[in-house]
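Taking it in order: structure first as structure tokens, then the write-up.
A short reminder: the numbers here are calculations on the coordinates, not readings from a lab. Computed from a predicted model, the values in this text were never measured in an experiment. All Cβ positions, glycine included, derive from the backbone under ideal geometry; neighbour counts span all protein chains shown.
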Amino acid sequence: MTNQVNTKELNKVVIRFAGDSGDGMLMTGDQFTMASAFMGNDVCTIPDYPSEIRAPAGTVAGVSGFQLCFGSEGIYTPGDKYDALVAMNPAAVKVSSPHLKDGGLIIVNEDSFNAKNLKKAEYADNPLTNGGLSKFRVYKIAMVKLAQEAVVGLPLTGKQVERCKNFVALGALCWLYGRSTDQTIKGIQKRFKNKPDFLKANIAALQAGWNFAEKAGVFDIKYKVKPTTGKKPGTYRYITGNVAVAMGLVAAARKSGTRLFLGSYPITPATEILQELTNHPKFVTVLQAEDEIAGIGSAIGAAFGGALAATTTSGPGVSLKSEFLGLAVMLELPLVIINVQRGGPSTGLPTKTEQSDLFQAIYGRHGECPLVVLAAATPNDCFDITVEAARLAIKYMTPVIVLTEGALGQGAEAWRVPKMHELPEMKAVFRTNPEGFFPYSRDKNTLARPWAVPGTIGLEHRIGSLEKEDITGATSHDPLNHETMTRYRADKIAGIAKEIPPTVIHGPADAKVFVLGWGGTRGVIQLAVENLQKQGVKAAWSTLRHLSPLPPDLKSVIQRYPKVLIPEYNLGQLWTLIRSEYLINCEKINKVQGRPFQAEEIETAVKKLLGA
Amino acid sequence: MNNEQQQLTRKDFLSGTEPKWCPGCGCNVVLNRLTGTFPLLGIPKEKFVMVSGIGCSSRFPYYLNTYGFHGIHGRAAPVASGLKLHNPDLSVWVATGDGDGLAIGGNHFIHLMRRNVDIKVVLFNNQIYGLTKGQASPTTQVGVKTKTTPFGSEEIPMRPLPLAIASGATFAARISDSDPDLISEVLLAAGKHKGIAFIEVMINCIIFNDGAFKALTDINVRAENIIRLKHGEPLIYGTNKDKGVKLNGVRPESFKLGAGGNADSALVHDIHNPDSTPAYLLASMEHPSSPVPFGIFRQVSKPVYGDRTMPAPSDTEVEKLMMSGGNSWQLDDSGNIGTVDP
């Protein structure tokens, strides 16, 4: 050892991995996240990639990133400004260094800082040598050279060797943050099991990175991050929101005693749900439909046939599905619609997150067309809210829209895999008795109609898109009947409010400001309000998972606080809804940049509201 | 059970709702023949489902005493697909029209044909929009005046049967409302076919497009203008069975027996030909340049999409699936972390 290495203990670390779209930053980030999860840390991650598959290499437009927040406490988001940046080329430094904390670490691939790449990144001269990065601690590693030395003797081309450089970075990072490389080695053994030379090369590169960090004396510091304590025992898994939705659908189908059917069409950022489910034919029948419309249409057909049916999409897909949504409301069949929201309107920002489909979910159909709208708060909650959606859909014979967000669907965290007995009961009841059967008779409590499935002897009946006669379900153009049925449909959905648990408020009863969000702003709102509370600001927060109907106690909750602030990734859709429902004034803070709030932005807005 | 099935009659399949089609509409004939065909298929009544979209023909489900689904415009195909994929033991039928199935539902139509899900599609082609009262449809012929083509249609019409065959339909047939026995024969064959079955029915809309198929359906002239396709038999037609159809290169061509050749030179119809080209060529024959074939064009056996059922997974299997993905770990009561064996 050539110099003194100090060890510093941290509660929370944010690391950004940045490089060319083809540099494997996502995989590198994933592997480091897994290593951290295995050390017992809470983890929360988000990828950040351009919508082009491979934008021109080395350019600013081609930089893709992966951000990880890990630590022992307060890990609610993938983090704001980062503590460390791993940058594979000058463009990555250019794009990502503005969000690095002052005094933060940059680990760069020194080999990439040549004249060509500097030019592509639009650097006039080398920031590594001209002092342009002086407010950071820069650690230069010749990643390509180290990889070349490490893999000598393996039959790989120069290009293939170069592609091992991210494992050099990973090895060095594992050393720096005291992560064992065992888990990473296991992970790559699985990943490259059919490419033994690549496997050997990547393991060698990983070890070379670690050894370099330990021996070469580049680092004067290393970190220790204690595990999170007090977590519930069980089996855990690192899971994205999209895969969590897929698991939620599978689990709900089993709990309901029906088979799962998915009719879907690929669309960013929701495609992973479809992909995940196609892997599991034992658990689900999947139709990759010819378009978004056929996706939901096939799901409705399957629902008529007794399936727990779902369709998964993003905003533009919901636009296409909206006529079928109206049919599902008219037919009163259970259906789960997942909308992983992205930036709109139109094609908009396909890979970026937003919350701008709330109005569409609640109001976006012709006619009086009420349905249930739920929203997921975290990647983990994508599982729970999907199960809840299926439960309500079956119990009330209604379509349910689940709003998740790009950042939740692509984001990941550690998830405790539930046991089936821990999930809510939701057994589907199919009508079998022909005696007194009418397709549109209703349960007194839920107002749900019976689920009568083709193939059942004696229940042959016709349903359709024309207005139904009360009870018999025959087509009817009677004016009073139409009003009766319209009100039934509205009352049925409104009645679901009684299922919603009391709103959980975090913060003092005498808070001066109440921060109210919905969906994926949960993490950052929690972080911001906890920070405010630490600074002595009397603030409370809550986020909604039920948007239609709204929680029955919400009005009284809002009335308790002198000021209410609603942060959203749109221009004020929940804000409009709350004001129109309750005639209560609220303040708003909005961000439509395709990226999440920083906690600081919400903290500043709260302080401004309080005149502080 | 088998006995009970045999006792089913046409009446068992009528819902009792009086059809609201215009008197003289060809849809009535098809309803008659379809309800006569269902009892012959040996399938219990509760297993039949008729799915439709929107339009005159899409009222079909209401008149059948089976399960029925009257959907939205153009979208019967996806609904039927989801239903059949989830319940492979149902007999799923689709009633659609030239507007519903080919205009607004055109994309679904192509994919329904190619996927080979075991669904029977009856497309009522009257070359007009009936329920919206007389606008041009994708199959309206050039020159025909409708409410939206007041100077005569200038668009080249769509040809449903060649489209279905080119899209991969494993069963394709054409019938008309003027030949009830052929309707029964084709519906029965379609009902027994494993895979997608497409049947184009030429329907006379007496209100908005009366006489559109007169040359093919009028008992006084039709023999000279149509060919009844029969598997394994040469293509011979005409009042006196004095004309044949042969291939001239890739073009089907009419000839007079004697002068142009004998019956041996006529094309022999083979519905099981794995090559769909001859069926496509026959389907493309149009009046008045050629005689128009009716009957079964194609019936081949191909793997049926989604015809399998899976046993329900157990709680343990679902829990195991949720833990999979190659990235799970175990946290014990003392906070120790261990790996999970996959």
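A few remarks follow.
- Residues A:220, A:42, ranked from the fewest to the most other C-beta atoms within 10 Å, line up as A:220, A:42.
- In sequence order, calculated HN-Hα J values of the range A:258-273 (Karplus, 6.51, -1.76, 1.60; Hz; x Gly/Pro): 10, 8, 7, 10, 10, x, 8, 9, x, 7, 6, x, 10, 4, 4, 5
- For peptides A:262-269, A:144-151, sequence by mean Cβ density within 10 Å, most packed first: A:262-269, A:144-151
- For residue A:467, the residues whose amide H sits under 5 Å from its own are A:476, ignoring neighbours fewer than 5 places away on the same chain, with H placed 1.01 Å from N.
- Histogrammed with a bin width of 20 Å, the alpha carbon distances of chain A distribute as 19, 48, 27, 6, 0 percent, first bin at zero.
- Per-residue Karplus couplings for the range B:176-183, computed as 6.51 cos²θ - 1.76 cosθ + 1.60 with θ equal to phi - 60°, are listed in order as 9, 5, 9, 10, x, 5, 5, 4 Hz, Gly and Pro entered as x.
- Among A:498-508, B:43-53, sorting by the average number of other beta carbon atoms lying within 10 angstrom of each residue, highest first, gives B:43-53, A:498-508.
- For the range A:469-612, averaging the sequence separation of C-alpha pairs within contact (under 8 Å, six or more residues apart) and dividing by the residue count gives a relative contact order of 24 percent.
- Close lysine pairs were tallied over the range A:452-565: pairs 8 or more places apart or on different chains with Cα atoms under 14 Å apart number 4.
- Under 12 Å from a label point set 7 Å out along the Cα-to-Cβ vector of residue B:230, no amide N atom of the range B:273-294 is found.
- Using a Förster distance of 45 Å, the FRET efficiency for residue A:186-residue A:52 (Cβ separation, nearest 0.05): 0.85
- Rounded FRET efficiency, nearest 0.05, which uses the C-beta distance separating residue B:284 from residue B:148 and R0 of 22 Å: 0.25
- Straight-distance candidates among the lysines for linking to residue B:230, with alpha-carbon spacing under 16 Å and chain neighbours fewer than 8 residues away dropped: B:241, B:243, B:246.
- Test item: A:525-533 mean partner chain Cβ contacts at 10 Å: 0
- Modelled spin labels at residue B:107 and residue A:12, positioned 7 Å past Cα toward Cβ, are 4.5 nm from each other.
- For a label point 7 Å along the Cα-to-beta-carbon line of residue B:302, residues of the range B:158-199 with backbone N under 16 Å: B:161-173, B:193-199
- The amide H of residue A:336, built 1.01 Å from its N in the peptide plane, has A:309, A:310, A:311, A:400 as neighbours under 5 Å, considering only residues 5 or more places off or on other chains.
- Ellipticity at 222 nm from helices only: DSSP H runs of n ≥ 4 in chain B, each -39500 (n - 2.57), divided by the residue count, give -6500 deg cm²/dmol.
- The calculated FRET efficiency for residue A:600 paired with residue B:17, based on their beta-carbon distance and R0 = 56 Å, is about 0.25.
- The range A:238-422: relative contact order in percent, alpha carbon pairs under 8 Å with at least 6 residues between: 29
- Scanning residues 5 or more positions from residue B:330 or on other chains, those with amide H under 5 Å from its amide H are A:236, B:338, B:339, B:340, with H placed 1.01 Å from N in the peptide plane.
- In this structure, the residue pairs whose Cα-Cα separation is over 21 Å, taken from A:81/A:145; A:282/B:320; A:165/A:195; B:120/B:192, are A:81/A:145.
- Exposure proxy shown here: for A:356, B:167, B:314, the number of other Cβ atoms within 10 Å sets the order, fewest to most, as B:314, B:167, A:356.
- Candidates B:142, B:92, B:121: whichever shows maximal mean-square fluctuation once chain B is modelled as a Gaussian network with Cα springs under 10 Å: B:142
- Between the range A:1-61 and the range A:288-309, the C-alpha centres lie 39 angstrom from each other.
- Helical mean residue ellipticity (222 nm; -39500 (n - 2.57) per DSSP H run of 4+; nearest 500) of chain A: -11000 deg cm²/dmol
- As a length-normalised measure over Cα pairs under 8 Å and 6 or more apart, the relative contact order of chain A settles at 12 percent.
- Across the range A:400-440, the residues whose backbone nitrogen lies under 20 Å from the label position 7 Å along the beta-carbon direction of residue B:89 are A:428-434.
- When A:425, A:601, B:286 are sorted by how many other C-beta atoms sit within 10 angstrom of their C-beta, beginning with the fewest, the order is A:425, B:286, A:601.
- Peptide A:192-205 has a mean of 0 when you count, residue by residue, the C-beta atoms of other protein chains within 10 Å of its C-beta.
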